Amino acid sequence: MSIRSPFQVHVGNVLRTGNARRERRSAPLDDLVVLGTEVPLHAEVVVDVELQFVADTALDAVGTVTAPYRGTCRRCLRQVEGQLQVPVRERFEERFVEDETYPVAHSQIDLGPMARDTVMLELPRAPLCREDCQGLCPECGADRNEGGCSCAAPADPRWAALDQLRDP
Ligand SMILES: [Zn+2]
């Protein structure tokens, strides 16, 4: 038997009576890392779903998966932080299909693998701190968001127009 997961839920009552039930579970999940972004090690991943009867061997989990993330801006290397809140609708069934549905076994389901799959799909790859991040100067490494550097990088044309106004 596997170690009991904090995301494990007994669903015998839902399958037997057909009554939907709300479940909210939260716990850290290891190894939620993609290129440039991760869920911090001890951060809580929250699963908040309604378990909806489908058949006496199957149900749907409908709700959200929420997790904080942090990463590194791909242009300026500043820290980027955010919160994922992803809608989910997943089928759990006794005769589950690998990569399509999740198992019901002994009237139990584990919402953990669903939470993991959802977060891994939605974590932003190679994030930006903001859409128009100017990045680092390739010559001197200065952060161009902080202003110019002494390198001969082309000036922003909007500034050139202002310069002309200033010295006619
Ligand atoms: Zn940036």
Within the stretch 44-82, residues of a type in the set (A, V, I, L, M), out of contact with any helix residue (DSSP H, G or I) (no Cβ under 6 Å at 6 or more places or on another chain) and either assigned to a strand (DSSP E or B) or surrounded by 18 or more Cβ atoms within 10 Å (Cβ to Cβ) (or both) come out as 46, 49, 54, 55, 58, 61, 62, 80
Can you tell me which residues in the stretch 5-43 are in a strand (DSSP E or B) and either β-branched (Val, Ile, Thr) or open to solvent by less than 30 Å² (accessible area, probe 1.4 Å) (or both)? 9, 23, 27, 33, 34, 37
If a residue has to be assigned to a strand (DSSP E or B) and within 11 Å of residue 59 (Cα to Cα) to count, how many in the stretch 83-107 make the cut? 7
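Can you find even one residue in the stretch 109-118 that is modelled with pLDDT under 95 and of a type outside the set (A, V, I, L, M, F, W, C)? Break it down into steps so the answer makes sense when it comes.
Going through the stretch 109-118, the residues modelled with pLDDT under 95 turn out to be none.
Within the stretch 109-118, none of the residues are modelled with pLDDT under 95 and of a type outside the set (A, V, I, L, M, F, W, C).
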Mind listing whichever residues of the stretch 114-123 are open to solvent by 50 Å² or more (accessible area, probe 1.4 Å) and without any contact (Cβ under 8 Å) to a residue 60 or more places away in the chain? 117, 121, 122
Cβ pairs under 8 Å, 6+ apart, first in the stretch 49-69 and among the polar types (S, T, N, Q), second open to solvent by 30 Å² or more (accessible area, probe 1.4 Å) and assigned to a strand (DSSP E or B): 52/62; 57/93; 64/48; 64/85; 64/87; 66/48; 66/83; 66/85
Hey, does the stretch 124-131 have a residue that's outside the structural domain of residue 145 (by TED's automatic domain parsing), away from the ligand (no atom under 16 Å from the Cβ) and surrounded by fewer than 12 Cβ atoms within 10 Å (Cβ to Cβ)? no
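The values are calculated or read from the model by the stated rules, or taken from the named source; none is laboratory data. Predicted, not measured: the structure shown is a model, and the values here were computed from it. Methodologically, a virtual Cβ is constructed for each residue, glycine included, from the backbone with ideal geometry; neighbour enumeration extends over all protein chains shown. Note: accessible area is taken over every heavy atom of the protein model, side chains too, but ligands, DNA and RNA are not part of it. Shrake-Rupley method; radii C 1.70, N 1.55, O 1.52, S 1.80 Å.
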